[in-house]
1. For the range 93-224, what is the convex hull volume of the alpha-carbon atoms per residue, in Å³?
2. Bin by bin, in steps of 5 Å, what percent of the Cα pairs in the range 61-157 do you find, going until the bin that has the longest distance?
3. Build a GNM of the chain with springs between Cα atoms under 10 Å: which of L197, L26, L133 gets the top mean-square fluctuation?
4. Could you pull out the trypsin sites (Lys or Arg not before Pro) across the range 58-162 that fall in loop regions by DSSP (anything but H, G, I, E, B) with no more than 16 other Cβ atoms inside 10 Å?
5. Between S201 and D224, what is the label-point separation in nm under the 7 Å Cα-to-beta-carbon projection?
6. Just tell me which lysines come within less than 19 Å, Cα to Cα, of K127; anything on the same chain fewer than 8 places away is out.
7. Give the accessible surface of the range 102-224 per residue, rounded to a whole number of Å², with probe radius 1.4 Å and ligands, DNA and RNA excluded.
8. Based on the Cβ-Cβ distance of S59 and S91, what FRET efficiency does E = 1/(1 + (r/R0)^6) give at R0 = 25 Å, to the nearest 0.05?
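The values are calculated or read from the model by the stated rules, or taken from the named source; none is laboratory data. Just so we're clear, the structure is a prediction, and the values are computed from it rather than from any experiment. All Cβ positions, even for glycine, are placed from backbone atoms using ideal geometry, and neighbour counts span all protein chains on display. All accessible areas refer to the heavy atoms of the entire protein, side chains included, with ligands and DNA or RNA removed. Shrake-Rupley method; radii C 1.70, N 1.55, O 1.52, S 1.80 Å.
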Amino acid sequence: MGNTPFIIIAIDGGAAAGKSSTSNGLSKRFNLMHVDTGSFYRAVTLKLLDTQVPAIEGSQLEIGLESLKLGTAIEDKKASISINDWIPDQSIRSERVNKNVSQYAALPTLRKFLLDYQREQAIVAKKYDFDGLVMEGRDIGSIIFPDAHLKLFLFADPEKRAARRAKEGIVDSIEKRDAQDSQRKSAPLTRPDGSILIDSSEMTLEEVIQHASTLVEKTIKTID
Ligand code: C5P
């Protein structure tokens, strides 16, 4: 794999749009490190909730964030955030976090806290000999990696997304989160310039991954 160019793929989209499954499929197929930035916001939210730091700007938030030492743990092809040596588990997918994460993610100080950490994941991916990085979130193609080699924007209609979460047995306020994430001032959820839209409403997961893989193959040919 020595001569394979290093590719950065940005995948954005609303809640339950299929980003994680698609990223996971691509990471396996192309030996890419998979970074789910939603899990970063979730993990930080849980830590702040546990220490009673409210979702408002101010010194309490600054002090709360300063006490969080971030690291990265790689398991298989997935990069996980570690916070003071704690590696997040399913608790970050709880109803409590689902309800609160968008309020915390709207805070510019919190976004700034995670900005460099997210970009540094490209260095981690190179260090671990991956052939690239597939990063999913809300602002990856717009803010984190605006020069990504390939930007995908995943969409699925709300009923399909609600059905996906119900199947996973997860209580989630998908539309409410999307509204909050799209309306915030700091790095809102938006379709980034230069992104390719994939509407997965009527597609199976395999079809989405196949379509995305074709785009990745084409993109790899254009990288020097
Ligand atoms: O992707 P997931 O649904 O797990 O993300 C949880 C929340 O984290 C989102 O609703 C959003 O508020 C926040 N988020 C964000 N920017 C990202 C990724 C996630 O604001 N890049």
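1. Values: hull volume 17.9 nm³, N = 132.
Measuring per residue, one finds 135 Å³ for the Cα hull of the range 93-224.
2. The calculated distribution, bin by bin, is 2, 9, 18, 23, 25, 15, 7, 1.
3. The residue with the greatest mean-square fluctuation here is L197.
4. On the way: sites: K69, K77, K78, R93, R96, K99, R111, K112, R119, K126, K127, R138, K151, K160, R161; in loops: K69, K77, R138.
Sites meeting the loop and neighbour criteria: K69.
5. 4.2 nm
6. Straight-line reach from K127, under 19 Å: K28, K77, K78.
7. Values: 6570 Å² over 123 residues.
Result: 53 Å² per residue.
8. Details: r = 27 Å, r/R0 = 1.08.
For R0 = 25 Å, the calculated efficiency reads 0.40.
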